[in-house]
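Structure first, then comments.
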Amino acid sequence: GKGDEIRARGLDAFRADIVRVAPELADRVGGIRSWDEVKLLTVKVDRLLKWSKPGYLAIGDAAHAMSPVGGLGINVAIQDATAAANVLWRPLSKGRISDRVLEEVQHRRERAVRLLQALQGFVQSRILQPALMSTGAPSLPWIMKLITRTPFLRDIPPRLIALGIERPHVESPDRYNPGA
């Protein structure tokens, strides 16, 4: 929400802000010659109240926009698709899809999506935003220092990012038992 304010201060001030936050970029900020080269990413995290309508199922970003924090979006979308395949393969093979079946996908996935969005919100508001608003060199909060120094705790965030919460596994139909 500060894009207009940043632009009003001018390109030189913008370059200086970048160097203040990331001194290692000092030799490259001169490459930003106009505001046309600066892109604003507007982040909105939200969820549909209902992911399905008769004949339609929303998954991934269509059902719930994720923050770019942690790069979770694609993983969550794949997990949604896996859950959808697990729920839908049998009814689709019989040619009968009900609203209840479509709603089951949201039932299976919504809790994990809510938890991951809450985690992203926490990281954004408690770690990234204070670092970006700092007038000095950014530093990690004490809790992050503890996590990064403790092997067991250090492994939790990457596992959540890579594997998710309540991650679904493919429940393939039995090829040798078509009536399953």
In nm, to one decimal, how far is the Phe14 label point from the Glu166 one, both placed 7 Å along Cα→Cβ? 4.2
Calculate log10 I(q)/I(0) of the chain for q = 0.11, 0.12, 0.13, 0.15 Å⁻¹, where I(q) comes from the Debye formula with a single equal point scatterer on each Cα and nothing for solvent. -0.68, -0.77, -0.84, -0.98
Around Val101, under 12 Å between beta carbons, what's the net of Lys plus Arg minus Asp minus Glu among the other residues? +2
Counting heavy atoms of the protein chains only and a 1.4 Å probe, report the per residue accessible area for the range 1-108 as a whole number of Å². 65
Going by average Cβ density within 10 Å per residue, which order do the peptides 112-121, 76-85, 1-10 take, highest to lowest? 76-85, 112-121, 1-10
With all protein chains present and a 1.4 Å probe, how do Glu24, Glu103 order by accessible area, largest first? Glu24, Glu103
Roughly how much of Leu25 is accessible, in Å² to the nearest 10, using a 1.4 Å probe? 60
Calculate the dipole size of the chain relative to its Cα centre from +1 charges on Lys and Arg beta carbons and -1 charges on Asp and Glu beta carbons; express the result in debye to the nearest 20. 340
How large is the dipole of the range 1-74 about the Cα centre if only Lys and Arg carry +1 and Asp and Glu carry -1, each at its Cβ, rounded to the nearest 20 debye? 300
Anyone know which of Ile143, Ile97, Ile161 comes out most mobile in the 10 Å Cα GNM of the chain? Ile143
Carbon and sulfur together cover what percent of the accessible area of the chain at a 1.4 Å probe radius? 59
Tally Lys and Arg at +1 and Asp and Glu at -1 over the other residues with C-beta under 15 Å from the C-beta of Ser139: what net charge comes out? +4
Restricted to pairs 8 or more residues apart or on different chains, the lysines in the range 1-149 with C-alpha atoms under 30 Å apart form a number of pairs equal to 7
Most fluctuating residue of Phe14, Phe152, Phe122 in a GNM of the chain with Cα springs under 10 Å: which is it? Phe152
For the chain, whose charge dipole is built from +1 on Lys and Arg Cβ atoms and -1 on Asp and Glu Cβ atoms, the candidate among Ser125, Leu72, Ala84 with its Cα farthest towards the positive end is Ala84
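The values are calculated or read from the model by the stated rules, or taken from the named source; none is laboratory data. Model, not experiment: these values are computed from the prediction. Ideal geometry is used to build each Cβ from the backbone, glycine not excepted, and the neighbour counts take in all protein chains shown. The accessibility values were calculated without ligands, DNA or RNA, using every heavy atom of the protein model including side chains. Shrake-Rupley method; radii C 1.70, N 1.55, O 1.52, S 1.80 Å.
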